[in-house]
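Data block below; observations after.
The values are calculated or read from the model by the stated rules, or taken from the named source; none is laboratory data. Just so you know, these numbers come straight off a predicted model, no measurement behind them. Quick reminder, even Gly has a Cβ in these numbers, built from the backbone with ideal geometry, and neighbours come from all protein chains shown.
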Amino acid sequence: MEKISPRISIKDLIEKYPMVIDIFRMCGFNLKNQDDLLNKFGERTMLQTVLKVRKLNIKSFIDIVESKINEKEVMSDFSIKTMAEGDNLNLLGYVPVPIKRALKENLDKLIYRYKEKKGKILKCYVPCGHSQDQRYLSMWEVKDINEFPDVLITFGFESYFNREFFYNLVEKGYFKCAWHGAHINKDFSGIECGYNEGGYTMYSVSPYILLVDKKKIGSLDVPKIWSDLFKVEYKNNIIVEGRKDFISSTILHYIYKDYGEEGIRKLASNVKDVWAPAKMARSAGTPNSDGAAIYIMPWFFAKCCSGKDDTFIVWPEDGAFIYPLYMLIKKSKWDELHEIVKLITGKEFGGECAEGCCPSLNPCVDNELPKNAKFKWIGWNYIKSNDMCKLKNYLNSIFVNSINSNTF
């Protein structure tokens, strides 16, 4: 896919990629149509100029645009077309929006080098659009290791942390952790998110922090730690990530681990609404009466917030919640596919993850975190000891039932 230059004119951008108008709206631009955008900023005005005026992160904006364009292209699913119907995958990869382009570009290079060196084509599938190959949607249900991809890249607390997958494959020792005997980035020291016996290799994280609306917080104290959000003064002043009746599993698990069911109920009683993070980024710091004083959301979206002058980020003193981005590689394929391991855990890709607000565990990467920023990790023992999907559903029901008379 052709890269978008920050210096492209607004006219050229709109003509080439008409769908970009929706992304401008997502970032807080009040636009009726494309002509409205051109009239407000001028046909020859460069994209970077418009974004600087609105104090938006240029790279983050372009990453989102390019990701959306990718969804429209014929090659929206990055896969090797020489795959036979019955072939097992060397690599199945799912990554969040901020680093999709970086992964695709690095894999392009790796596949070429691998073919030159070994005369083989790596069979890879990394869906980038909405359409996905149905064969790979439920790989966590696989019971035979030979039917599982040689390398899996994925994220979150869902399918590959559930009890069934643990029992069928993880506990049988089929996977190897890349951090065994290795150092990880000092930003993660002391929280034991690196090596684990299950063989999960966490290579990056998406931190959950607080975004505060200056005007809506008013005279209220600014929360400093997660338990501050339980205070009665924040009632109807908090919006959390999720969608109607389904709260972010990240928020649920971390609150439950540290504060139990009572913590879930206390937080829920103060929640005004549940929004997607893009909507939070679009509305925080604006006069929108549907908004709130405090938003619990991923760092990436907080950095993309359109109302930067009227908001600020609070990195909780007891640590930002870690949403894990991780890899599973078969022990039996460790030597054969070690180039993939080196790519995913390496400095170059790690640096690109950090640029996308997904701090890297690679020890050589400067994650450019705020001063004194800490992380909070749920713990490998917590994951191993709980049926994560069942527990999430149970905690979600407590949360939803505890939101007094709120309507979503």
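Points worth noting:
- Within segment 255-270, not a single residue is part of a strand (DSSP E or B), surrounded by 15 or more Cβ atoms within 10 Å (Cβ to Cβ) and in contact (Cβ under 8 Å) with a residue 12 or more places away in the chain.
- Of all residues in segment 196-254, those satisfying the criterion of being under 13 Å from Phe157 (Cβ atoms) and among the hydrophobic types (A, V, I, L, M, F, W, C) are Met202, Val205, Ile247, Ile251, Leu252.
- Restricting Ile69, Ile121 to residues that are out of contact with any strand residue (DSSP E or B) (no Cβ under 9 Å at 6 or more places or on another chain), part of a loop (DSSP other than H, G, I, E, B) and either surrounded by 12 or more Cβ atoms within 10 Å (Cβ to Cβ) or at pLDDT 85 or above (or both) narrows the list to Ile121.
- Summed over segment 166-207, residues that are surrounded by 21 or more Cβ atoms within 10 Å (Cβ to Cβ) and of a type in the set (Ser, Thr, Tyr) total 5.
- If the condition is being crowded, with 17+ Cβ neighbours inside 10 Å, touching a residue at least 40 places away in the same chain (Cβ under 8 Å) and more than 28 Å from Pro287 (Cα to Cα), then segment 3-45 contributes Ile4, Tyr17.
- The condition of being surrounded by fewer than 18 Cβ atoms within 10 Å (Cβ to Cβ) and modelled with pLDDT of 95 or more holds for only one of Leu252, Leu229, Leu220, that being Leu220.
- Number of positions in segment 130-181 that are closer than 30 Å to Glu368 by Cβ, small (Gly, Ala, Ser) and without any contact (Cβ under 8 Å) to a residue 60 or more places away in the chain: 1
- Candidates Cys353, Cys364, Cys357 - the one that is on the phi > 0 side of the Ramachandran plot and either more than 19 Å from the chain's Cα centre (by Cα) or not assigned by TED's automatic domain parsing to the domain that holds Ile251 (or both): Cys357
- Test: residue in segment 290-310 that is of a type in the set (S, T, N, Q) and modelled with pLDDT of 95 or more: no
- Within the set Tyr195, Tyr203, Tyr167, the sole residue that is among the hydroxyl-bearing types (Ser, Thr, Tyr) and part of a loop (DSSP other than H, G, I, E, B) turns out to be Tyr195.
- Which numbered condition Arg163 fails, given (1) of a type in the set (Lys, Arg); (2) at pLDDT 85 or above; (3) in contact with a Phe, Trp or Tyr (Cβ under 8 Å, 6 or more places away or on another chain): (3)
- Residue among Val142, Val240 that alone is over 30 Å from Lys347 (Cα atoms) and modelled with pLDDT under 95: Val142
- Members of segment 288-300 that are free of Cβ contacts under 8 Å to residues at least 60 places away in the same chain and either acidic (Asp, Glu) or touching a strand residue (DSSP E or B) at 6+ places or on another chain (Cβ under 9 Å) (or both): Asp290
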